[in-house]
Amino acid sequence: MLSESVTRLPPALTPGDTVALVSPASWLEPAQIEETVATIEAWGFRAKLGAHVHDKRGYLAGTDSHRLEDLNAAIRNPDVRAIVTLRGGCGSSRLLHGVDVHALEADPKPLVGYSDITALHRVWHRHGVPSLHGAVAGAHQHVVKDVLCGGSPPAVAADRHQLGWELTTRGRASGPLFGGNLEMLARSVGVLDFDLRGHVLLLEINRSAGLGHVDRALTQLLMAGALDGIVGVAIGWLSGFEGYSDRGWTIIDLMRDRLDELAVPVLAGLPYGHDPNPAVAPLGVACTIDADDGLATFSTALCLEPLRRHPSGSTR
């Protein structure tokens with residue numbers, strides 16, 4: 001079984017490279033799909049839509065087999081140098097055991113997405129390929145382009161006015177960053193192996209019910225041993241919990257109660273997750289969180305130098 005310390009860095013993108021757009025979870029309105037295509041092309045890349053991105057099956061973007069077909073087609077296509085998911089929603093978990101991980105290992109390429117896409121980030125991470133927790137939308141979309149083109153991920157500052165800042169402790173922690181949406185991380189326990197020893201854990205949470213669903217998810221991760229050996233916690237948006245309490249407890253009380261037993265530095269108030277302008281978190285990349293300075297920094301790039309292409313179209 002592959003060690004999660006092994007990293008297969010994808011090559012950086014260059015102008016004219018192909019970016020696949022797929023819908024592994026819920027569907028997106030056609031106008032919004034076209035907006036994403038326009039952004040990718042404005043960056044100088046070729047946008048390649050999955051064959052089934054316009055499909056609809058309830059809240060899903062088509063059948064499981066068709067959504068998986070589009071994802072694997074992008075992974076297997078040597079011309080595709082990055083994969084952008086068009087939205088989260090629900091449905092990524094259904095695809096986990098069908099992802100062509102051998103093709104991904106042979107030709108690593110970054111995945112971009114967040115929320116429900118956390119499930120697929122888990123596959124990328126498990127097989128040593130870094131990915132981007134973020135979106136091709138909002139004020140930070142240019143960071144996606146810069147990182148895909150080989151740029152170093154920028155430092156991200158915590159906001160003392162953001163809900164959750166109170167969870168920040170003291171100290172520093174360094175290690176590869178991995179995580180994402182709490183609910184999706186917990187749902188992956190028992191489906192995919194977890195070993196995050198030495199990692200900084202990223203958590204972003206959106207309220208779909210009360211505090212109980214957060215409690216259950218954190219407790220599942222803790223009791224399953226999925227968080228054993230993590231070195232720090234980076235906390236993003238706690239969306240929907242503003243002004244919310246349950247029998248005297250707020251989201252701050254609950255998370256402090258559950259995370260205190262980890263006894264690691266915590267940096268909260270980071271702009272990751274469910275917000276119109278989500279920051280971009282490079283997963284699988286060396287990260288340092290400094291709770292004293294309120295800063296998350298990244299010491300390595302996500303991508304290697306661009307592929308060199310022969311006139312015949314082959315690469316080396």
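Just so you know, all these numbers are worked out from the coordinates, no wet-lab data involved. Small disclaimer: the values here were computed from a predicted structure and weren't measured. Positions of Cβ are backbone-derived with ideal geometry, glycine not excepted, and every protein chain shown enters the neighbour counts.
Quick rundown of the values:
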{"read-out": "Using θ = phi - 60° and Karplus 6.51 cos²θ - 1.76 cosθ + 1.60, couplings along the stretch 10-24 (whole Hz; Gly, Pro as x)", "value": "x, x, 5, 7, 10, x, x, 5, 9, 10, 7, 10, 10, 10, x"}
{"read-out": "Label-to-label distance, nm, for residues given as Leu295 and Asp260 (7 Å Cα→Cβ offset)", "value": "3.1 nm"}
{"read-out": "Taking N as its residue count, the alpha carbon Rg of the chain over 2.2 N^0.38 Å", "value": "0.95"}
{"read-out": "Listed residues Ser92, Ser115, Ser65, most fluctuating in the chain (Gaussian network, C-alpha, under 10 Å)", "value": "Ser65"}
{"read-out": "Per-peptide average of other Cβ atoms within 10 Å, ordering 173-179, 292-298 highest first", "value": "173-179, 292-298"}
{"read-out": "Long-range HN-HN contacts of Asp246 with modeled amide H, under 5 Å", "value": "none"}
{"read-out": "Gaussian network model of the chain, Cα within-10 Å springs - most flexible of Gly98, Gly198, Gly190", "value": "Gly190"}
{"read-out": "Residue with peak Gaussian network fluctuation, the chain [Cα springs, cutoff 10 Å], from His161, His125, His142", "value": "His161"}
{"read-out": "Tilt relative to the chain, helix 64-76 - C-alpha long axis, 0 to 90 degrees, to 10", "value": "70 degrees"}
{"read-out": "Cα→Cβ-extended label distance, 7 Å offset, between Leu304 and Asp195, nm", "value": "2.3 nm"}
{"read-out": "Degrees, to the nearest 10: 30-42 long Cα axis against longest axis of the chain", "value": "70 degrees"}
{"read-out": "Amide H contacts of Asp159 (H built 1.01 Å from N, under 5 Å, at least 5 apart or other chain)", "value": "Leu270"}
{"read-out": "At 0.692 mPa s and 37 °C, Stokes diffusion of the stretch 70-225 via Kirkwood alpha-carbon radius, µm² per second", "value": "194 µm²/s"}
{"read-out": "Estimated FRET transfer efficiency (Arg216, Thr14; beta-carbon r; R0 35 Å; 0.05)", "value": "0.20"}
{"read-out": "Helix 211-223 axis, angle to the chain major axis (alpha carbon atoms, nearest 10°)", "value": "80 degrees"}
{"read-out": "Residues Ile251, Ile235 arranged by fewest to most Cβ contacts within 10 Å", "value": "Ile251, Ile235"}
{"read-out": "Semi-axes of the equivalent ellipsoid for the stretch 184-316, Cα gyration tensor, largest first, Å", "value": "33, 17, 16"}
{"read-out": "Isotropically averaged projected area of the stretch 18-148, using the convex hull of Cα atoms (one quarter of hull area), nm²", "value": "6.8 nm²"}
{"read-out": "Beta bridge orientation in the chain: antiparallel %, DSSP, nearest 5", "value": "40 percent"}
{"read-out": "Mean ellipticity per residue at 222 nm, deg cm²/dmol - from DSSP H runs of n ≥ 4 across the chain, formula -39500 (n - 2.57)", "value": "-7000 deg cm²/dmol"}
